[in-house]
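Following: one structure in structure tokens, then a few remarks.
The values are calculated or read from the model by the stated rules, or taken from the named source; none is laboratory data. Bear in mind the structure is a predicted one, so any value in this text is a computation, not a measurement. Here the Cβ positions follow ideal geometry from the backbone for every residue, glycine too, while neighbour counts run over all protein chains shown. Each accessible area value is taken on the protein alone, full model and side chains, heavy atoms only, with ligands, DNA and RNA left out. Shrake-Rupley method; radii C 1.70, N 1.55, O 1.52, S 1.80 Å.
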Amino acid sequence: MKTNVLKYSVLLLLLAICVGGIYYLNLPNRHKAIVKTQINHKLGLVDNTWNINSTDSSISLITPTFVIDNIYKSMEGPKVMSSFQLDYKKNELVWITSFETKAISTNEIDQLSNDYVCHTNVDFYDGEHYSRWNLNNRIGEQYPRLTSMSNGIEQYAFPEGYGFPVFTNENLFLATQTLNHNIKTEPFSLKHEINIGFKKHNNTMKPLMSKTVFVMLPYNSENPFEGLTENNPNMCLPVETKNHSYTNNNGESLSGHWVVFPGKEMYKYDITHQLQLKDNTTMHHIATHLHPFAETLAFRDKTLDSTLFISKAENYIDKIGLKKVTHFSSKEGIMLYPDHDYELVLTVNNTTKTNQDMMASMFVFLYDKEMDKKLKSYNPAQ
């Protein structure tokens, strides 16, 4: 009896391994990376701890170890996520003013090429954040992304006198992902180090509100991978339909992560509804997220037929990747109006002979007049 039980148990185990193996082999590259990263961390095969250190003006977060064992295009590589606080021991109002992410060796000292940085997202919990200021009408209004650093634009600071106000014990959320467009060798390991700078509260600082705007293109939800047709030349070929897929008010399916074919192309998308402007305000900072083979991403005022800012991407010549992506920062700012229409215009040049993938986003920071009124009456003694 025991022999039969053991035999069937072994058979079930082998069957489970075979089924699991077949399932894994059919996963896309990005999902394989998720599975492998979880196994490496949960089994302790590599360092699975976060090294977090805070000072009075910055916080450093060093990630667990990433194992790079394959070519990982944008949005595909191993990633980690974690909640954090600037300083959980205190309840002080401070101003976030700068961001930096970089790839480092597992010894947590030597800096590596930032070609291994895909993107680093910093989010806030809008329920917790806005309820502290009695701005409950903002909760759930938009995705609470504070900013993103990415390949080609790994560090930046807000213009002097501007920042994002948070409390030191307020919960924030970090997600960072690796990238490897070119290196085909034996597996190697690395980490990411993220540094966020902040200042103590003073009444001269002005608050910024973050808005995420990005290009979305229509696709055929019934046959999503057919791509463009003669009847609809604007139809795109989405990379996948489970992520970065949206539906507009007309019921059309839109993708924010699509395929670009060899050669040059231009894409336009109206972002007026993404900005959700309710009053005249000034724009003071833009951080751009692009994928390789992008050349420019322009922020345009359609009403005035004028270009407000062009982010330029410098691609490597001898390999795939972004060497530099320019950003916008201005103390004076640029006026935006709720009765104007705005758009993003993206130009790409796929210089390879194969299809590549593309995303185009801007993290736009606007003067937050409503928050400024709240801050003027803030009394830390209360």
Q: Note down the relative contact order for the chain as a percent, whole number, built from C-alpha pairs under 8 angstrom at least six residues apart.
A: 18 percent
**Q.** Options Asn171, Asn379, Phe214, ranked by Cα towards positive dipole end of the chain, top entry (Cβ charges)
**A.** Asn171
(Q) What do you get for trypsin sites (Lys or Arg not before Pro) in the stretch 28-102 restricted to DSSP loop and a cutoff of at most 16 other Cβ within 10 Å of the site's Cβ? (A) Lys89, Lys90
Q | Given charges at Cβ of Lys, Arg, Asp, Glu: the chain dipole, positive-most of Gln142, Pro187, Val239 | A | Pro187
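Given the Cα-Cα distance of Leu112 and Lys89 and 0.36 nm per residue of separation, how much length would full extension add, in nm?
Details: separation 23, 0.36 × 23 = 8.28 nm, distance 3.27 nm.
Contour length minus Cα-Cα distance gives 5.0 nm.
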Q) Using modelled backbone amide H atoms (1.01 Å from N, in-plane), which distant-in-sequence or interchain residues come within less than 5 Å of His257's amide H? A) Val239
Q | Residues with amide H under 5 Å from that of Ile96, placed H, sequence gap 5 or more | A | Phe164, Val166, Lys199
Q: Taking only Cα atoms and a 10 Å spring cutoff, compute GNM fluctuations for the chain and point out the largest among Asp318, Asp110, Asp87.
A: Asp318
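Within 10 Å of each candidate Cβ there may be at most 16 other Cβ atoms; applying that plus a DSSP loop requirement, which trypsin sites (Lys or Arg not before Pro) in the stretch 319-360 survive? Each step should come with its number before you reach the end.
Numbers: sites: Lys319, Lys323, Lys324, Lys331, Lys353; in loops: Lys319, Lys353.
Counting only loop positions with at most 16 other Cβ atoms within 10 Å, the trypsin sites (Lys or Arg not before Pro) in the stretch 319-360 are Lys319, Lys353.
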Q | Eligible aspartates and glutamates near Lys369 by straight Cα distance, threshold 14 Å, same-chain separation 8 or greater | A | Asp279
Q. Under the Karplus relation 6.51 cos²θ - 1.76 cosθ + 1.60, θ = phi - 60°, what is the ordered set of whole-Hz ³J(HN,Hα) values for the stretch 355-367, x standing for Gly and Pro?
A. 5, 10, 10, 8, 9, 8, 9, 10, 9, 9, 10, 10, 4
(Q) If you filter the stretch 210-292 for trypsin sites (Lys or Arg not before Pro), then keep DSSP loop positions with at most 11 other Cβ within 10 Å, what is left? (A) Lys242, Lys278
Q: Just give me a number: lysine pairs in the stretch 167-264, eight or more positions apart or cross-chain, with C-alpha atoms less than 29 Å apart.
A: 10
Q | Cα convex hull volume per residue for the stretch 273-370 (Å³) | A | 103 Å³
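Rounded to the nearest whole Å², what accessible area per residue is found for the stretch 246-331 with the 1.4 Å probe?
Values: 4300 Å² over 86 residues.
Using a 1.4 Å probe on heavy atoms only, each residue of the stretch 246-331 averages 50 Å².
Determine the percent antiparallel among the DSSP beta bridges restricted to the stretch 68-217, to the nearest 5. Mind showing how you got there, number by number?
Numbers: 39 of 41 bridges.
That works out to approximately 95 percent antiparallel.
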Q: Please find, in a Gaussian network model of the chain (springs between Cα atoms separated by less than 10 Å), the residue of Asp339, Asp301, Asp123 whose mean-square fluctuation is greatest.
A: Asp339
Q | Residues with amide H under 5 Å from that of Ile153, placed H, sequence gap 5 or more | A | Val325
Q) Within the accessible area of the chain, what % is carbon and sulfur when the probe is 1.4 Å and the other protein chains stay in place? A) 52 percent
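What's the extension gain from Glu141 to Leu304 if we count 0.36 nm per residue and subtract their Cα-Cα distance? Mind showing how you got there, number by number?
On the way: separation 163, 0.36 × 163 = 58.68 nm, distance 2.76 nm.
Gain on extension, Glu141 to Leu304, equals 55.9 nm.
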Q) Would you list Ile310, Ile286 from the most to the least accessible area, probe 1.4 Å? A) Ile310, Ile286
Q: Once you've got the GNM for the chain with C-alpha springs shorter than 10 Å, pick whichever of Glu92, Glu193, Glu343 has the biggest mean-square fluctuation.
A: Glu92
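In Å², and per residue, what accessible area does the stretch 79-210 have when probed at 1.4 Å with the other protein chains present? Display every interim value, and only then the final one.
Working: 5300 Å² over 132 residues.
Accessible surface, normalised per residue, equals 40 Å².
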Q) At Met335 and Gln155, where each label point lies 7 Å from the Cα along Cα→Cβ, what is the point-to-point distance in nanometres? A) 3.6 nm
